[in-house]
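Comments concern the structure below.
The values are calculated or read from the model by the stated rules, or taken from the named source; none is laboratory data. In this text the structure is predicted, and so the values were computed from the model without any measurement. Positions of Cβ are generated from backbone atoms using ideal geometry, with glycine treated the same way; all protein chains shown enter the neighbour counts. In case anyone asks, the SASA skips ligands and DNA or RNA and just uses the protein heavy atoms, side chains included. Shrake-Rupley method; radii C 1.70, N 1.55, O 1.52, S 1.80 Å.
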Amino acid sequence: MKKILFFASGTGSNVGNSIQYFKNNTSVFIVGVFTNNPNAKAIDIAKSNNIPTLIFNKEALNEGFVLDRINEINPDLIVLAGFLWKMPQSIIAAYPNKIINIHPALLPKYGGKGMYGMNVHNTIFENYEKETGITIHYVNEHYDEGEFIFQQKVNIEDCASAEEIASKIQQLEHQHFPKVIERLLEV
């Protein structure tokens, strides 16, 4: 049995999609959804699927409380799915090559602090890019600089707004993210 722990800060669409993807897989167990946002929709998604949640603040993340909860669970993979805070070095060191993130652009372009969600899509739209995509990567001590695991491109020449780009990216995320997680767990 492989255990996945999700971290999310927002709508939780990738959390919900992954829950559905692994619903009938007896080799994978989603053990929790941790969030820094008490209003995150990811909480409702987790609760409606009987998955435990943890809401924490920056102090709890940086001073060991969250690491202690992770250690109690001992996940095989920690998945950042729209989690907006930087992971502390203590957690990265405790779980080397076991923390992954999904980014809504083709890194190394459009990565770094403040580059998430619509910030990314607006910037890509304003720069008249012809394509964008998703990057799934390992997490290290720098925003969006960990080793790439998977990238997928999509043409956006037909997109008339950043929202249309966001829709195409979400489709890519939902199509590929659970499959990459499954492959990393080798189940």
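Residue-wise HN-Hα couplings along the stretch 83-98, as the Karplus relation 6.51 cos²θ - 1.76 cosθ + 1.60 with θ = phi - 60° gives them from phi, are 8, 9, 9, 6, 6, x, 4, 4, 6, 4, 5, 6, 10, x, 6, 10 Hz; Gly and Pro carry x. Stretched out straight at 0.36 nm per residue, the stretch from Asn50 to Gln170 would grow longer than its current Cα-Cα span by 40.8 nm. Remark on Asn37: its backbone amide H falls under 5 Å from those of Phe56, a criterion applied only to residues 5 or more positions apart or on other chains, H modelled at 1.01 Å from N.
Sort Ser9, Ser90 from largest to smallest accessible area, using a 1.4 Å probe on the heavy atoms of the protein chains. Before the final figure, lay out each step's value.
Details: Ser9 10, Ser90 55 Å².
Highest to lowest solvent-accessible surface, that is Ser90, Ser9.
Comparing Gly12, Gly146, Gly114 in a Gaussian network model of the chain where C-alpha atoms under 10 Å apart are linked, the largest mean-square fluctuation is found at Gly114.
Identify the trypsin sites (Lys or Arg not before Pro) of the stretch 10-90 meeting these criteria: DSSP loop state and at most 10 other C-beta atoms within 10 Å of the C-beta.
Values: sites: Lys23, Lys41, Lys47, Lys58, Arg69, Lys86; in loops: Lys23, Lys86.
Loop-located and lightly packed - Lys23.
Cross-link partners of Lys113 among lysines, defined as those whose alpha carbon lies under 20 angstrom from its own and excluding same-chain residues fewer than eight positions apart: Lys58, Lys86.
For the chain, the share of accessible area belonging to carbon and sulfur comes to 47 percent (1.4 Å probe, ligands and nucleic acids excluded). In this structure, the amide hydrogen of Met87, modeled 1.01 Å from its nitrogen in the peptide plane, lies closer than 5 angstrom to no residue at least 5 positions away or on a different chain. If you keep only loop residues by DSSP, which GluC sites (Glu not before Pro) in the stretch 45-102 have at most 15 other Cβ atoms within 10 Å of their Cβ? When the GluC sites (Glu not before Pro) of the stretch 45-102 are filtered for loop state and at most 15 Cβ neighbours within 10 Å, Glu63 remain. Between rounded, prolate and oblate, where does the stretch 18-70 land on the alpha carbon gyration tensor, with a ≥ b ≥ c its root eigenvalues, rounded for a/c under 1.5, else prolate if a/b exceeds b/c? Taking the square roots of the gyration eigenvalues as a ≥ b ≥ c, the stretch 18-70 is oblate. Solvent exposure of the stretch 37-171, expressed per residue, is 53 Å² of accessible area, with all protein chains present and a 1.4 angstrom probe.
Rounded is the label for the stretch 27-115, because the ratio a/c of its alpha-carbon gyration tensor axes (a ≥ b ≥ c) stays below 1.5.
Computed extension length for Glu126-Glu186: 17.7 nm, one decimal, from 0.36 nm per residue of separation with the Cα-Cα distance subtracted. The chymotrypsin sites (Phe, Trp or Tyr not before Pro) of the stretch 16-112 include none that meets both conditions, a loop assignment by DSSP and at most 10 other Cβ atoms within 10 Å of the site Cβ. Taking label positions 7 Å along the Cα-Cβ direction at both Met1 and Val154, the computed distance is 3.5 nm, reported to one decimal. Rolled with a 1.4 Å probe across the full set of protein chains, the surface gives Ile43 an accessible area near 10 Å². By the gyration tensor of its Cα atoms, with a ≥ b ≥ c the square roots of the eigenvalues, what is the shape of the stretch 51-94: rounded for a/c under 1.5, prolate for a/b over b/c, or oblate? Taking the square roots of the gyration eigenvalues as a ≥ b ≥ c, the stretch 51-94 is rounded.
Protein chains only, probe 1.4 Å: how do Ile30, Ile55 rank by accessible area, largest first? Walk me through the intermediate numbers first.
Details: Ile30 15, Ile55 85 Å².
I get Ile55, Ile30, largest accessible area first.
The 1.4 Å probe gives accessible areas that order Met115, Met1, Met87, largest first, as Met1, Met115, Met87. Antiparallel versus total DSSP beta bridges in the stretch 26-137: what percent is that, nearest 5? Around 35 percent antiparallel, to the nearest 5. For the chain, DSSP calls about 40 percent of its internal beta bridges antiparallel.
Please state the relative contact order of the stretch 41-138 as a whole percent: Cα pairs under 8 Å, 6+ residues apart?
Numbers: 76 pairs, mean separation 23.3, N = 98.
In percent, rounded to a whole number, it is 24.
Taking amide H as placed 1.01 Å from N in the peptide plane, the amide H of Thr53 sits under 5 Å from that of Val33, each at least 5 places away or on another chain.
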